[in-house]
Amino acid sequence: MTEPTAINPTPKIQIRGLKKAFGDNVILDGVDLDIGKGESVLVIGGSGSGKSVLLKCILGLLHPDSGSILVDGQEVVGLYGSDLEEVRAKFGMLFQNAALFDSLPVWENVAFGLVQGKGMDRIEAKALALEKLAAVGLNEEVAELSPAELSGGMRKRVGLARAIASNPEIIFFDEPTTGLDPIMGDVIDRLIVQCVRGLGATALSITHDMASARRISDRVAMLFQGKIIWSGPTKDIDHSGNPYVEQFIHGSSEGPIQMQIRSL
Ligand SMILES: Nc1ncnc2c1ncn2[C@@H]1O[C@H](COP(=O)(O)OP(=O)(O)OP(=O)(O)O)[C@@H](O)[C@H]1O
Ligand SMILES: [Mg+2]
């Protein structure tokens with residue numbers, strides 16, 4: 001085992017030497033990252049740098065080529081079936097587009113994992129769903145609507161209520177505020193912080209939105225060319241001294257990161 005982090009002696013998630021390629025296209029090339037218990041870590045990186053691939057490897061939706069992902073000290077790389085499900089029971093996930101089922105009312109979307117995954121009866125699951133919806137500021141009327149009837153901000157709230165429905169120990173957020181106006185983005189960020197703290201959960205997020213990054217994370221890690229090239233407290237991000245991080249947070253096209261724009 002490698003040395004423990006300064007933040008917590010037993011990381012909630014410990015990633016070492018994680019590699020993933022699609023054919024010749026190397027996406028993750030030895031990612032090392034520790035996420036302490038109760039910590040909120042944010043991964044930043046350009047479009048196509050492999051942020052979602054990293055998240056999918058942790059969730060067990062993609063199988064890495066090599067490396068290790070420990071969750072509470074347990075190796076999850078190579079887990080299948082019920083063993084994988086057992087680890088996944090610790091996870092909550094807010095997908096980028098909220099990924100709601102339009103054929104189900106809002107409350108059933110929130111209760112889905114409780115009924116399907118945990119075998120909870122529908123009445124109990126509905127009561128819990130309503131409680132979680134209230135926690136994100138949505139009332140019983142909204143619970144009966146179809147997701148198609150909601151605004152983008154409301155969909156995110158429903159996605160958040162679903163992500164926290166089973167009181168997960170670890171919550172993943174993929175671009176939680178992308179596509180929202182700045183005020184709704186702030187509202188969602190506050191709810192995220194409130195929910196994560198309320199559960200005492202550990203959080204791993206991905207975002208392009210630096211305002212959001214500053215609000216929701218304790219620590220930022222930057223992914224570039226398949227590796228974490230910088231990691232530090234969010235409050236230090238403006239003084240990282242790292243030219244890649246500086247270019248990224250200032251959204252500048254000039255610097256060491258060169259966009260590969262394929263001409264048609
Ligand atoms: N299932 C897959 N099969 C083949 N290539 C894939 C697959 N999933 C992702 N990739 C490739 O991996 C690279 C990284 O993709 P990923 O979705 O992780 O990027 P990202 O950092 O999340 O970008 P964005 O910020 O645009 O969401 C891309 O080049 C993508 O084409
Ligand atoms: Mg992505």
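The values are calculated or read from the model by the stated rules, or taken from the named source; none is laboratory data. Nothing here was measured: the structure is a model prediction, and the numbers come from that model. All Cβ positions, even for glycine, are placed from backbone atoms using ideal geometry, and neighbour counts span all protein chains on display.
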Top-ranked residue in the stretch 228-241 [being surrounded by fewer than 17 Cβ atoms within 10 Å (Cβ to Cβ) and more than 17 Å from residue 39 (Cα to Cα); ranked as modelled with the highest pLDDT]: 229
Listing of helices (runs of 4 or more DSSP H) fully contained in the stretch 116-200 that carry 3 or more residues being touching a Gly at 6+ places or on another chain (Cβ under 8 Å) and at pLDDT 90 or above: 152-164
Lone unmet requirement of (1) hydroxyl-bearing (Ser, Thr, Tyr); (2) within 16 Å of ligand 2 (Cβ to nearest atom); (3) at pLDDT 90 or above; (4) surrounded by fewer than 18 Cβ atoms within 10 Å (Cβ to Cβ) for residue 205: (4)
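Among the strands (runs of 3 or more DSSP E) contained in the stretch 13-93, which hold 2 or more residues that are in contact with an Asp or Glu (Cβ under 6 Å, 6 or more places away or on another chain) and either more than 15 Å from ligand 1 (Cβ to nearest atom) or not β-branched (Val, Ile, Thr) (or both)? Before the answer, list the steps.
Details: elements: 13-22, 25-35, 40-44, 66-71.
Strands (runs of 3 or more DSSP E) meeting the threshold: 13-22.
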The lone exception for residue 218 - which of (1) closer than 29 Å to residue 59 by Cα; (2) touching a Phe, Trp or Tyr at 6+ places or on another chain (Cβ under 8 Å); (3) away from ligand 2 (no atom under 16 Å from the Cβ); (4) modelled with pLDDT of 90 or more it fails: (2)
From 218, 186, 209, residue being closer than 29 Å to residue 20 by Cβ, among the charged types (D, E, K, R), in contact (Cβ under 8 Å) with a residue 24 or more places away in the chain and out of contact with any Pro (no Cβ under 8 Å at 6 or more places or on another chain): 209
Sole residue being within 16 Å of ligand 2 (Cβ to nearest atom) and of a type in the set (Lys, Arg), chosen from 37, 20: 20
